[in-house]
Each structure stands twice: as structure tokens, then as C-alpha cells.
Amino acid sequence: MPNHAIEITSGPRLLDATQGVARTSLGRRRRPAEGLIQGFLFVCGAISILTTVGIVFVLGKESLLFFASPEVDLARFFTGTTWQPAIGQFGILPLINATLMTSMMAMVVAIPLGLCVAVYLSEYASLRARGILKPILEVLAGVPTVVYGYFALSAMTPLLRSILGPNTVDIYNTASAGIVMGILILPLVSSMSEDALSAVPRSLREAAYGLGATKLETALKVVLPAALSGIAAALIVAISRAVGETMIVAIAAGAGPNLTLNPFKAAETMTGHIVRISGGDLSYDSIDYNSIFAIGLMLFLITLGLNVLSRQIVRRFREVYD
């Protein structure tokens, strides 16, 4: 029986039937379609980076005009308790305080509910129940925020006033805005947390069951700690989303900076103030106009800090499974 030899060349595959020799090419083939896709992905990444750089440049440029004004004192900007640009008062603390109050109120609502929903979907829900609940959560995420804002003003505020009394709860207050913001970011918390819980290997659950743990003990003492890095990242992203929310606080929280720790009083957030001021008649390059970019820069720095913190938490508590 004749021996068949295989010869490796850099050219196309050839077959010599008379000698039984097959020449196979192992060289890299040119794939124009793959090159086009790679170039398109690179362009998309470059556009996103350049867009971010452009936003930072505009914020920084306009903010420098604000801080360079002789009316603005940098120390009073961070420590002042009154924000009234029309009379030369530039203390940003009332705006930051209201922003943090509504964000923390939102997290008080979203964290426990979101984690409970995530644990249920990951550990308890059947395929049918998951198929019903998942679309409902996606519908909540798709509702326009302006609808949430009017829901907070026309439904949540009257509910709080009927429970606590109209003398306790103002018509515009940060509590109703924060609660509805928690409902808004609930799908984000539950979806990202459920993904983190589902990524935990099945072997950990089986090992816990083998040691006699119940389903609840396995979920709370094994699966939840194993997914801590993903859950922490979800919570940080949710906080960033709450800090940057605009329409709910602009409609339901109140108009006018007010330094108060009472969540049932009206107070204006940073995003709400930007909406109110930018909607008025502001002359270009005025101190009021430039203050909008200074507030926007502060929002950007807060969000950036939260994202950096999220990366550190993920890196610190990340679990790698083989």
C-alpha cells in the first residue's frame, strides 16, 4: 500500500492524485470582513473616549470661567450654606446635601428590595416565574423618568401626607422623590445582582447542600458572599444612577436650595437646580450661566469617585473560580 506524504506550504491547498501528495496551507488567510468589523469596533471605542474627553474639556473650560470670577471664593464654594448666584452667594452645600439625601433614600428602598428580588430569581424562581418577573422589571426600567416624577408628586406625596400629616410633609419634599427614585433603580440593582448570583458555580451550592445546609442558608451564607464583588459593583452603579437622576427631583423635590436634614421638607438637588436655571433666561457668559458648569463638574467628580470606588471594591472582593 503506497505511503501518502503531507507537505505543508504557504500556498493554497493542492492535491497531486498521481503521487497521493496533499499540500495543506496553514498560513494566515486574509479575511476582509473581520478586518472591517475590527475597525468598526475600534471607531466606536474611540468615539466613546473622545466624547468623554470632550465633555470633561467643556465642563473644565466653563467651570474655570466661573471659579476665575472675582465674586467666587473657592473656600466658600465648598463650605457655604447658601446658594444664590443672583446675590453673589455660592455655597454648594445645600445642593450636595439634597442630592445625597435623595440618593440615600433611594438606596434604602432599592437595596433590600433589589437584593430580595435577585435572590428569589437566582435561587427560588422557576423558569415560568422568571419569565414573568423579568419583563415586569424591564418595563419599570423603561418608564420615562418624567412619569416617575409626576407619580412622586401626585401619588407618593399625598400618601406620605395622609400617613404622617400635611403639617409634617410638604407638597414638595425629598422623601417622595427619593422613594420613587428607589423604584426607578430597583431593576438595575436586581438585574445586576441576579447576574452576579447566577455566576456563582453550582458546585458551591451542591457542597453546601451536602453539608446539610438549607436552601435559605445556602443562598445567604454561601452564594451571597461569593457574589459580593458583583453585588457591590451593582450598588455603586445604582448610587451613581441616583445621583445623576434629574426629572424626578426636578418635579417632586422642590425648587430652591435649602440646607435641611428633614426629608419631608423641600430642597433642590444639583441636577434639579441645573434644570431650573438652564430653563430660564440666562445671558451667555454670565455668572449664573457659568455656575451650571461648575455644578456639572461637581456631579462628574462625584460620579467618577463612585466608579473608582466600584473598581476597587470589585478588585478587592473578586472571587475567581476554576
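General observations
- Filter result (in contact (Cβ under 8 Å) with a residue 24 or more places away in the chain, over 27 Å from the mean Cα position of the chain (by Cα) and under 11 Å from Ala294 (Cα atoms)) within region 55-71: Leu65, Phe66, Phe67
- The listed residues are Asp285, Asp195, and the only one of them that is of a type in the set (Asp, Glu) and under 23 Å from Ile136 (Cα atoms) turns out to be Asp195.
- Matching residues in region 206-219 - criterion: being under 21 Å from Arg130 (Cα atoms) and without any contact (Cβ under 8 Å) to a residue 60 or more places away in the chain: Leu216
- Identity of the residue in region 86-102, closer than 13 Å to Gly272 by Cα and of a type in the set (S, T, N, Q), that ends up surrounded by the most Cβ atoms within 10 Å (Cβ to Cβ): Thr102
- Matching residues, region 88-115, being within 16 Å of Leu184 (Cα to Cα) and out of contact with any Ser or Thr (no Cβ under 8 Å at 6 or more places or on another chain): Ser103, Met104, Ala106, Met107, Val108, Val109, Ala110, Ile111, Pro112
- Residues in region 133-171 that are under 28 Å from the mean Cα position of the chain (by Cα) and in a loop (DSSP other than H, G, I, E, B) were compared, and the one that is surrounded by the most Cβ atoms within 10 Å (Cβ to Cβ) is Val143.
- Filtering region 273-320 to residues that are of a type in the set (Phe, Trp, Tyr) and at pLDDT 75 or above leaves Tyr289, Phe293, Phe300.
- If the condition is being among the hydroxyl-bearing types (Ser, Thr, Tyr) and surrounded by 13 or more Cβ atoms within 10 Å (Cβ to Cβ), then region 30-68 contributes only Ser63.
- Any hit, region 254-267, residues being in the same structural domain as Val108 (by TED's automatic domain parsing) and either under 18 Å from the mean Cα position of the chain (by Cα) or under 30 Å from Glu123 (Cα atoms) (or both): no
- Residue in region 180-203 that is surrounded by fewer than 13 Cβ atoms within 10 Å (Cβ to Cβ), of a type outside the set (D, E, K, R) and either part of a helix (DSSP H, G or I) or in the same structural domain as Ile111 (by TED's automatic domain parsing) (or both) present: yes
The values are calculated or read from the model by the stated rules, or taken from the named source; none is laboratory data. Remember, it's a predicted structure, so these values are computed and weren't measured experimentally. Cβ: placed from backbone, ideal geometry, glycine included. Neighbour counts: every protein chain shown.
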